[in-house]
Amino acid sequence: MPRWPDEPARAVGLRSTDVRFRSERLSEDHNVDDFASGNDALDDWLKRHAHHAAAMNTGRTFVWHSGEDRVVAYFTLAAHRVRRENVARRAGRGSPIEIPAVLLARLALHTNLHGQGLGGELLWDALTRTVAAGSIAAARLIVVDAIDDNAADFYEHHGFLPSPDDPHLLVQKLSDIARSLGIS
Ligand SMILES: CC(C)(COP(=O)(O)OP(=O)(O)OC[C@H]1O[C@@H](n2cnc3c(N)ncnc32)[C@H](O)[C@@H]1OP(=O)(O)O)[C@@H](O)C(=O)NCCC(=O)NCCS
């Protein structure tokens with residue numbers, strides 16, 4: 001599959017370990033067969049549904065691999081919209097009732113790589129790609145739909161604000177992320 005010009009592959013992993021991975025959009029060349037993040041639903045979705053979601057333009061998946069196309073991490077992004085009343089007040093203040101957003105629908109790392117800082121770097125990869133997407137199609141928030149309490153804690157640790165009604169729905173303003181990345 002040809003690579004889209006606005007989706008450059010990236011070298012990732014260097015901030016956390018001396019192992020270098022390549023981050024790029026999921027293609028048929030990637031081998032997802034032995035991907036295991038510790039969460040069966042997330043593993044199954046990558047293996048069975050990610051290509052279909054891409055073909056349907058309902059979810060764009062990016063993967064990390066170490067050169068021989070064996071996938072060790074992934075995340076999925078989609079255009080989204082969220083109601084102001086459903087997000088943390090601090091993030092929704094000043095927004096229209098329906099807020100344009102990007103959904104970080106899934107994010108997972110192979111269990112062999114947990115606990116080395118790579119999950120944080122995977123999130124950084126997703127956030128910087130989201131900020132870049134927001135510079136073309138405006139979005140005010142990034143929304144995560146945490147799969148469980150543990151995932152919600154991970155996102156809160158990284159600055160996401162939980163919804164008052166649903167602790168698994170967390171958001172962060174793209175402008176805050178851009179500022180923290182030094183790109184605004
Ligand atoms: C969530 C996941 C990506 C985290 O990856 P990881 O490699 O274990 O985490 P890291 O070592 O990169 O940790 C980065 C930071 O997040 C913190 N962190 C990691 N997991 C956390 C959790 N569950 N709750 C709170 N903080 C957490 C770490 O303490 C670290 O903090 P620091 O940068 O201040 O030192 C990984 O555990 C995973 O893939 N889990 C299964 C799938 C999943 O639950 N996905 C969640 C999204 S739906």
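Some points to look at:
- In the chain, the ratio of gyration radius to Kirkwood radius, Rg to Rh, stands at 0.95 when only Cα atoms are counted.
- For Ala36, the residues whose modelled amide H falls within less than 5 Å of its own, excluding neighbours fewer than 5 places apart on the same chain, are Thr111.
- Relative to the Cα centre, the charge distribution of the chain, modelled as +1 at Lys and Arg Cβ and -1 at Asp and Glu Cβ, gives a dipole magnitude of about 900 debye.
- Over the residues of the chain, the helix contribution to mean residue ellipticity at 222 nm works out to -8000 deg cm²/dmol, using -39500 (n - 2.57) for each DSSP H run of at least 4.
- Per-residue HN-Hα couplings for segment 109-117 [Karplus 6.51, -1.76, 1.60; θ = phi - 60°; Hz; x = Gly/Pro]: 10, 4, 4, 4, 10, 5, x, 10, x
Values quoted throughout were computed directly from the atomic coordinates according to the rules given, and no laboratory measurement underlies them. Owing to the predicted nature of the structure, the values given are computational and were not obtained by experimental measurement. Reconstructed Cβ throughout: ideal geometry from the backbone, glycine too, with neighbour counts over all protein chains shown.
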